[in-house]
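Undergrad: Supplied in C-alpha cells, the structure appears directly below.
The values are calculated or read from the model by the stated rules, or taken from the named source; none is laboratory data. Bear in mind the structure is a predicted one, so any value in this text is a computation, not a measurement. Neighbour counts are summed over all protein chains in view; Cβ atoms, including those assigned to glycine, are modelled from backbone coordinates with ideal geometry.
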Amino acid sequence: MSTLMVLGAIVYAVLAILLFIRFIEGPTAADRMLAVDMIDGLACLMLVFYSIYTQRAIYLDIAIVTALLGFISTVFVARYLERRM
C-alpha cells in the first residue's frame, strides 16, 4: 500500500510540475487561471491521500479549506477577466 502511495505522489508531483510550466507559459490569463485551479485540485487530492496514509483527519479539514479557497479565488478571477474583456 505504501509503495502505491509513493508512486501516486510521484505522478501527482509530475502533473503539478507540468501544470506549473503551463502557468508560466500560458498565452492567456484564462490558461494561467486554469493551471492554478488544477494545481489547487491536485494539492487537495494530495492532502486527502496524506490524510489516509497518516490516518489523521486534520489533513481532510485542511483539504476542504484549500478547495474552498481555490473555488472562491477562481470565481473572483473569472469575474475580473469577464469585466476586462
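Undergrad: So which residues in the range 36-85 are acidic (Asp, Glu) and either in contact with a Lys or Arg (Cβ under 6 Å, 6 or more places away or on another chain) or surrounded by fewer than 15 Cβ atoms within 10 Å (Cβ to Cβ) (or both), if there are any at all?
TA: Hits for the range 36-85 are Asp61, Glu82.
Undergrad: Now a separate question. Quick one: count up the residues across the range 1-31 that are within 18 Å of Gly70 (Cα to Cα) and over 13 Å from the mean Cα position of the chain (by Cα).
TA: Residues meeting the conditions: 4.
Undergrad: What are the pairs with Cβ atoms under 6 angstrom where one residue, in the range 1-23, is at pLDDT below 90 and the other, located anywhere, is in a helix (DSSP H, G or I)? Sequence gap at least six, or different chains.
TA: Met5/Tyr53; Tyr12/Leu42; Tyr12/Met46
Undergrad: Here is a further query. Is there a residue in the range 25-32 that is exposed (fewer than 12 other Cβ atoms within 10 Å of the Cβ) and either outside any helix (DSSP H, G or I) or among the aromatic types (Phe, Trp, Tyr) (or both)?
TA: Yes, the range 25-32 contains a residue that is exposed (fewer than 12 other Cβ atoms within 10 Å of the Cβ) and either outside any helix (DSSP H, G or I) or among the aromatic types (Phe, Trp, Tyr) (or both).
Undergrad: Hey, does the range 1-8 have a residue that's assigned to a helix (DSSP H, G or I) and crowded, with 16+ Cβ neighbours inside 10 Å?
TA: no
Undergrad: Return the residues of the range 53-68 that are among the hydrophobic types (A, V, I, L, M, F, W, C) and in contact (Cβ under 8 Å) with a residue 24 or more places away in the chain; say none if nothing qualifies.
TA: Across the range 53-68, the qualifying residue is only Ala67.
Undergrad: Also, I was wondering about something else. At pLDDT below 90 and in contact with a Lys or Arg (Cβ under 7 Å, 6 or more places away or on another chain), is that true of Gly26? Write out each step before concluding.
TA: On the way: at pLDDT below 90: yes; in contact with a Lys or Arg (Cβ under 7 Å, 6 or more places away or on another chain): yes.
In short, yes.
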